[in-house]
Amino acid sequence: MATILNIETATTNCSVSIGRQGEVAFLRETAGQGYSHAENLHTFIKEGMEALQLTYAELDAIAVSMGPGSYTGLRIGVSAAKGLCFAADLPLIAIPTLDILNAQLKPNEGLVIPMLDARRMEVYAAVYDIKGTRVVETRAVILDEHSFGEELRKGKVHFLGNASEKTAEIIQDPNAIFHTDLQLPSAKEMAMLAEHRFQENLFQDVAYFEPYYLKDFMVTPKKA
């Protein structure tokens with residue numbers, strides 16, 4: 001069993017946990033309106049290591065949320081994770097952000113569609129069965145009244161994430177269930193996910209690993 005430092009910065013939630021044998025031993029996070037990751041991430045990591053009286057040599061791996069999500073947030077999280085891996089000679093575990101969000105909900109029936117807002121009427125989404133297996137890969141979706149029609153025709157579909165509220169305004173289907181209280185991915189759910197990947201030796205090449213942005217980063221020019 002492993003002791004793993006988990007970093008989740010794909011959204012406005014700056015979240016750090018330390019998992020022991022898949023259980024959360026430490027959790028610190030803050031989710032404001034803006035991105036405070038640059039100010040808070042290393043502070044949260046330090047607090048966790050001190051709270052559990054750990055040295056980096058006692059960690060077995062570093063896990064990071066790999067995207068999709070905020071370009072800036074992902075860069076900060078992945079850069080921190082890679083830096084710690086290089087410094088402490090630790091393996092790197094990367095977990096898809098929508099896997100982390102999906103782990104917050106465990107329904108008894110139907111499908112689960114975690115979604116992250118991707119500006120305007122676009123979302124990043126994937127589809128999971130009730131066992132947590134991804135059955136439709138992560139993709140960018142332009143929302144309209146026909147979105148996820150194939151899934152909704154099969155039965156109940158649970159939507160969660162910070163795009164669920166705007167989706168609820170568009171999709172009017174009796175099979176659609178919107179969990180608008182579950183908004184952002186957290187390092188809390190990463191503890192068990194990272195443990196499973198550690199046991200399966202699912203590690204990344206630290207030198208070459210890059211976040212999964214899904215779309216190219218777009219810079220909006222300043223108005224004259």
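Quick note: the coordinates plus some simple rules give every number you see, no bench work behind them. These numbers were taken from a predicted model, which means no experiment stands behind them. So basically every Cβ, Gly included, is an ideal-geometry build from the backbone, and we count neighbours across all protein chains shown.
A few points about this structure:
- Cα pair distances of the stretch 105-179 binned at 5 Å [whole percent]: 3, 18, 31, 30, 14, 3, 0
- Packing-based ranking, highest mean first, of 163-169, 106-112 given that Cβ atoms within 10 Å are counted: 163-169, 106-112
- At R0 = 25 Å, FRET efficiency that the Cβ-Cβ distance of residue 196 and residue 137 yields, to 0.05: 0.85
- FRET efficiency, 1/(1 + (r/R0)^6) with R0 41 Å, evaluated for residue 119 and residue 86 via beta carbons: 0.80
- For the chain, the antiparallel share of DSSP beta bridges with both residues in that region comes to about 60%.
- Summed over qualifying helices (DSSP H, 4 residues or more, each -39500 (n - 2.57)) and divided by its residue number, the chain shows a 222 nm mean residue ellipticity of -8000 deg cm²/dmol.
- DSSP H segments from the chain that extend 20 Å or more along their own axis, Cα-based, with Kyte-Doolittle mean of -0.5 or above: 71-88
- At R0 = 22 Å, FRET efficiency that the Cβ-Cβ distance of residue 214 and residue 56 yields, to 0.05: 0.10
- Distance between the stretch 134-158 and the stretch 1-80 - C-alpha centres, whole angstrom: 30 Å
- Proxy reagent accessibility, fewest Cβ within 10 Å first, across 192, 1: 1, 192
- Cross-link reach list, aspartates and glutamates versus residue 154, counting only Cα pairs under 14 Å and skipping chain neighbours closer than eight places: 109, 129, 173
- For the chain, the Cα gyration tensor yields ellipsoid semi-axes of 30, 20, 15 Å (square root of five times each eigenvalue, largest first, whole Å).
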